[in-house]
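To start, the structure itself, in structure tokens.
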Amino acid sequence: MNQTIFITNRALNRGKNKKVSLFSEKLDANGELRYAIATPVDKKKTISRKISGGMSRPTRVTKVEQTFDLEVVESSNLPVTMQNIVANDNGCPWVFFLHGNNQSLKKNLIKSRKIQQEYNCNLVIYSWPSKSYEPYMLQTLAVGAALTANPTTALLGKLVLKKSFKRKIKQYKEARKHAEASYADFARAFEYIAHNIFSDFKQRGLHISLLVHSLGHEVLKRAIQEQPEQLSAIELDRVMLHQGDVQYTNHGAWVNSIPFSSQENTYITANKYDSVLLLSGLVNNNGNPLKVLTRLGNCLSEENRSNAKYIDFTDMPSVKFGHGIAWDENRSEQVDSICKQALLGASDG
């Protein structure tokens, strides 16, 4: 069975919220990092689903969520836990995953489980409080768009859209602040794992990669700029900068300064039509529609590039407006092969 380590700077939930999630959407006030062992689990969930247009009662459907259960490791037991992980080496590659925006703990764990299954790897998950969207926000946006398309309800639709966009922008800006505040914790976590696990696995010849997604690039960028010494303990085999939600301009400076990977083993992905990054381009450039293609993961400019390798997913089969391209269950064989080469160094994974 693959091994999974969970690290977070999220604050612990208190009181009744503990039933919903072990960790909250807030930063730990004391800057404490918490470590946990994540065990794969398939959780059955029964939901009611009503057939559209039907008069019958809602049908109860059982859905299986593939996720992880977390067992928090006390700091006094951390050294022994790390030793056990090294001792139970299964020979599979390791991926250090730094997620992006809109990730509650539940979403983070489900996505991480999908990545582990798709790439047959051991995982280190670094989870920061990225402020997940309010429930039904995306559905409200869809309703607003539908109302706007009808002339008789267009005004109402515009009001719904305006209100929803304001909430979405507020959430995004709060998440970005958390990303900016999480770089030091990430650097500490990376250094600890590099010294206590990855160094042993490198000596055994295991493949070790870093996968960074979306707004997680803000965490990485600031860690490189502010605390590069803590990222210098080991050289990774691959770094995949996946659909980066940071400004494209001047990215070459920090990408070329990555202390744990050579440029020939660093890959930057882009999709011109990435719907998430198009919206981010608007939010980060004061709503200027001429600057929607200014994020690292959607800008195809040849100017100001780093020395890393660039992957253009635009117009590839199955990509369309995709943002989570590397773990999209409907990704084409071409996209799958490219992702496995970038992350694991082999097209067959």
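Using the structure shown, decide if Ala270 is open to solvent by 60 Å² or more (accessible area, probe 1.4 Å) and small (Gly, Ala, Ser).
So Ala270 fails the test.
Give me the residue from the stretch 134-154 that is among the hydroxyl-bearing types (Ser, Thr, Tyr) and either at pLDDT 80 or above or crowded, with 17+ Cβ neighbours inside 10 Å (or both) and, out of that set, farthest from Ser21 (Cα to Cα).
If we take residues in the stretch 134-154 being among the hydroxyl-bearing types (Ser, Thr, Tyr) and either at pLDDT 80 or above or crowded, with 17+ Cβ neighbours inside 10 Å (or both), then Thr152 is farthest from Ser21 (Cα to Cα).
Say we look at the stretch 300-311 and pick out the residues that are part of a loop (DSSP other than H, G, I, E, B) and of a type outside the set (Lys, Arg); which of these is surrounded by the fewest Cβ atoms within 10 Å (Cβ to Cβ)?
Taking the candidates together, the pick is Glu302.
Given the condition at pLDDT 95 or above, open to solvent by 60 Å² or more (accessible area, probe 1.4 Å) and within 26 Å of Arg222 (Cα to Cα), answer yes or no: does some residue in the stretch 312-326 qualify?
Yes.
Are any residues in the stretch 202-212 open to solvent by 10 Å² or more (accessible area, probe 1.4 Å) and touching a Phe, Trp or Tyr at 6+ places or on another chain (Cβ under 8 Å), and if so, which ones?
Listed by number, the residues that qualify are Leu206, His207.
If I filter the stretch 215-260 down to residues being among the small types (Gly, Ala, Ser) and crowded, with 18+ Cβ neighbours inside 10 Å, which single residue comes out as nearest to the chain's Cα centre (by Cα)?
Gly216
Look at Val319 and say whether it is of a type in the set (A, V, I, L, M, F, W, C) and in a loop (DSSP other than H, G, I, E, B).
yes
Give me the residue from the stretch 155-201 that is open to solvent by less than 80 Å² (accessible area, probe 1.4 Å) and of a type in the set (Lys, Arg) and, out of that set, nearest to Ile5 (Cα to Cα).
Arg176
Exactly one of these conditions fails for Leu282: (1) surrounded by fewer than 21 Cβ atoms within 10 Å (Cβ to Cβ); (2) among the aliphatic types (A, V, I, L, M); (3) in contact with a Gly (Cβ under 8 Å, 6 or more places away or on another chain). Give me its number.
With respect to (1) surrounded by fewer than 21 Cβ atoms within 10 Å (Cβ to Cβ); (2) among the aliphatic types (A, V, I, L, M); (3) in contact with a Gly (Cβ under 8 Å, 6 or more places away or on another chain), Leu282 is out only on (3).
Show me the helices (runs of 4 or more DSSP H) found entirely inside the stretch 204-295 where at least 2 residues are modelled with pLDDT under 95.
Filter on the stretch 204-295 gives 275-283.
Could you please find all residues in the stretch 58-113 being within 25 Å of the chain's Cα centre (by Cα), open to solvent by 80 Å² or more (accessible area, probe 1.4 Å) and farther than 14 Å from Thr8 by Cβ?
Answer for the stretch 58-113, where residues must be within 25 Å of the chain's Cα centre (by Cα), open to solvent by 80 Å² or more (accessible area, probe 1.4 Å) and farther than 14 Å from Thr8 by Cβ: just Lys63.
Residue by residue through the stretch 327-346, note down the ones that are assigned to a loop (DSSP other than H, G, I, E, B) and surrounded by fewer than 13 Cβ atoms within 10 Å (Cβ to Cβ).
Once the filter is applied, which keeps residues that are assigned to a loop (DSSP other than H, G, I, E, B) and surrounded by fewer than 13 Cβ atoms within 10 Å (Cβ to Cβ), the stretch 327-346 yields Glu329, Asn330, Ala346.
Return the pair list, or none, for Cβ contacts closer than 7 Å from residues in the stretch 215-233 that are of a type in the set (Ser, Thr, Tyr) to residues that are surrounded by fewer than 24 Cβ atoms within 10 Å (Cβ to Cβ), at least 6 apart or on different chains.
Going by the 7 Å Cβ cut-off, the qualifying pairs are Ser232/Pro259; Ser232/Phe260.
The values are calculated or read from the model by the stated rules, or taken from the named source; none is laboratory data. What you are looking at is a predicted structure, and each value in this text was computed from that prediction instead of being measured. All Cβ positions, glycine included, derive from the backbone under ideal geometry; neighbour counts span all protein chains shown. Ligands, DNA and RNA are stripped out before the accessible areas are found, and what is left, the full protein with its side chains, is counted by its heavy atoms. Shrake-Rupley method; radii C 1.70, N 1.55, O 1.52, S 1.80 Å.
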